[in-house]
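Asker: First, the structure itself, so that you have it in front of you.
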Amino acid sequence: MRERTTFNKRIGLVLSTVPRYSETFFRNKISGLQDKGFEVVLFVDYLDPTDYDFGCQVVAAPHFGGGLLTRIWYSFIALVQSLFMHPRRSYKLFALNKADGIHLQANIRQLILNQFFFSQNVDWLHFGFGMLAVTRENVAQAMGAKMAVSFRGYDLYLSPLKHPGCYDLLFKKTVRYHVLSEEMKQTLVDYTILPRNIQVITPAINTQFFKGHGLANANPVLQLITVGRLHWKKGLEYTLEALALLKAAGIAFHYTIIGAGSERERLVFAAHQLGLLDCISFTGKLPQEAVKWQLENASIYIQYSIQEGFCNAVLEAQAMGLLCVVSDAEGLQENVLHAETGWVVPKRQPQLLAKQLVQVVELSTVDKEVIRTRAIRRVRDAFNLDKQQAAFLAFYNR
């Protein structure tokens, strides 16, 4: 039986696409809100035919593909629909944009692209990533809804470098912000966002599924593992350089990298040049059950990212009882407590990473078990789904 909320709010969540099976954060959030009596409407820019049976109502942006004449025709239809089906909201969005200095052509374009929001009534319009709110800064107000924006790492630290000034208008608006770590909260404060408008809600994992057996791996060859996209921000090339130092020191290991991405060729070549191909497995992307199995058969988890909002994979590894060595990138130093639940190493310094890995290997069994037990307990108590769901209830009921 569902536990009903006091207000039974309707939440509009904005994403690029319907979250896939592996995107547990958004799937867990949606199901958690529904279990508490909220109604969730998912707004997406792109809709795959296989997404129609998703567990909540999905509203997709209109498609403007095809040739020039086709795009002009579809744009005209969308504009007419906006003006005649939602005249008040259309006028309000146009007026708000105009007051912000958005010129006529861009204003009409925003009206066309954002009219699909107007078919729904929501109490909150929550943009799942910062960049999804860009050119939509006034949509929530035009709908009579409160506005929320989540920053998850890349969008806060890298998007402003790629698109200078992209959040200038957003940061002037009345917005409730959700971030993953205290480090990210401070970054928003540095942008002059008031602390009371920012709430830290960390990622959470299914601690019943990712549950360690409490036993150290008995394989005589040290088993190392990383789970993540093969993207430059994951710092995998620095990890490989550190492992080359371990190999030179005579430490036998096997390193499993789970994930797919644009950097695979570069990383394979780096492993070749460093003489590591014989002790590395690139598995590609794996289903959750297979990831769990790989974690069960590993000893040390490495996440030596140069940028990282928080990282669910590190939580999963800790919950499984792995010893975790991570970089000090953003939220990782809150995810793992140095020398208490794992180890935090300054980023971009493979020599320091190698030194820390050697120190972990040389720890006594008792010391390893102390770290392992602390990590399992902390993840179970602080990063479970119930706690996260309660935090989002407070976020929307504020």
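The values are calculated or read from the model by the stated rules, or taken from the named source; none is laboratory data. Keep in mind that what you see is a predicted model, and the values were worked out from it rather than measured. When we count neighbours, we look across all protein chains shown, and the Cβ atoms used for this are built from the backbone with ideal geometry, even at glycine.
Asker: Looking only at segment 167-179, filter to residues that are surrounded by fewer than 18 Cβ atoms within 10 Å (Cβ to Cβ) and hydrophobic (A, V, I, L, M, F, W, C); which one of those is nearest to PHE26 (Cα to Cα)?
Answerer: PHE171
Asker: Moving to a separate point now. Would you say ALA242 is in contact with a helix residue (DSSP H, G or I) (Cβ under 6 Å, 6 or more places away or on another chain), under 20 Å from VAL358 (Cα atoms), small (Gly, Ala, Ser) and in the same structural domain as VAL345 (by TED's automatic domain parsing)?
Answerer: Yes.
Asker: Answer yes if at least one residue in segment 157-174 is more than 30 Å from MET320 (Cβ to Cβ), touching a Phe, Trp or Tyr at 6+ places or on another chain (Cβ under 7 Å) and among the β-branched types (Val, Ile, Thr), and no otherwise. Reasoning before the result, please.
Answerer: First pass over segment 157-174, keeping only residues more than 30 Å from MET320 (Cβ to Cβ): 159-174.
Right, trim to touching a Phe, Trp or Tyr at 6+ places or on another chain (Cβ under 7 Å) and you get 160, 171.
So of that shortlist, the ones also among the β-branched types (Val, Ile, Thr) come out as none.
No, segment 157-174 has no match at all.
Asker: Separate question: All but one of (1) at pLDDT below 70; (2) in contact with an Asp or Glu (Cβ under 7 Å, 6 or more places away or on another chain); (3) under 21 Å from ARG152 (Cβ atoms); (4) of a type outside the set (Gly, Ala, Ser) hold for ARG2, so report the exception by its number.
Answerer: Here ARG2 clears every test but (3).
Asker: Could you check, for segment 203-224, whether at least one of its residues is under 29 Å from ASN97 (Cβ atoms) and touching a His at 6+ places or on another chain (Cβ under 9 Å)?
Answerer: The answer is no, given that none of the residues of segment 203-224 is under 29 Å from ASN97 (Cβ atoms) and touching a His at 6+ places or on another chain (Cβ under 9 Å).
Asker: Name the residue that is farthest from GLU316 (Cα to Cα), counting only residues in segment 368-398 that are polar (S, T, N, Q) and touching a helix residue (DSSP H, G or I) at 6+ places or on another chain (Cβ under 8 Å).
Answerer: The extreme case among them is GLN389.
Asker: Oh, and also: What number of residues within segment 346-356 satisfy the criterion of being among the aliphatic types (A, V, I, L, M) and either out of contact with any Pro (no Cβ under 8 Å at 6 or more places or on another chain) or not in a helix (DSSP H, G or I) (or both)?
Answerer: 2
Asker: If you take the residues in segment 27-60 that are modelled with pLDDT under 85 and among the hydrophobic types (A, V, I, L, M, F, W, C), which one is nearest to LYS9 (Cα to Cα)?
Answerer: Going through the qualifying residues, I end up with PHE54.
Asker: Hey, could you check segment 178-193 for residues that are assigned to a loop (DSSP other than H, G, I, E, B) and polar (S, T, N, Q) and say which is farthest from ASP328 (Cα to Cα)?
Answerer: THR192
Asker: Tell me, yes or no, whether segment 332-341 has at least one residue that is in contact (Cβ under 8 Å) with a residue 40 or more places away in the chain, within 23 Å of VAL221 (Cβ to Cβ) and either surrounded by 13 or more Cβ atoms within 10 Å (Cβ to Cβ) or not assigned by TED's automatic domain parsing to the domain that holds LEU245 (or both).
Answerer: no
Asker: Here is a list: GLN388, GLN359. Which entry is of a type in the set (S, T, N, Q), under 22 Å from ASN28 (Cβ atoms) and outside any loop (DSSP other than H, G, I, E, B)?
Answerer: GLN388
Per-residue answers, yes or no, for (1) surrounded by fewer than 16 Cβ atoms within 10 Å (Cβ to Cβ); (2) at pLDDT 95 or above; (3) closer than 28 Å to GLU334 by Cβ:
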{"position": "ALA218", "(1), (2), (3)": "yes, no, no"}
{"position": "LEU246", "(1), (2), (3)": "no, yes, yes"}
{"position": "GLU265", "(1), (2), (3)": "yes, yes, no"}
{"position": "ILE280", "(1), (2), (3)": "no, yes, no"}
{"position": "VAL291", "(1), (2), (3)": "no, no, yes"}
{"position": "TYR304", "(1), (2), (3)": "no, yes, yes"}
{"position": "VAL314", "(1), (2), (3)": "no, yes, yes"}
{"position": "LEU323", "(1), (2), (3)": "no, yes, yes"}
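Asker: Taking segment 93-147 as the region of interest, how many residues are of a type outside the set (Gly, Ala, Ser) and either more than 23 Å from the chain's Cα centre (by Cα) or not assigned by TED's automatic domain parsing to the domain that holds CYS166 (or both)?
Answerer: Within segment 93-147, residues that are of a type outside the set (Gly, Ala, Ser) and either more than 23 Å from the chain's Cα centre (by Cα) or not assigned by TED's automatic domain parsing to the domain that holds CYS166 (or both) number 30.
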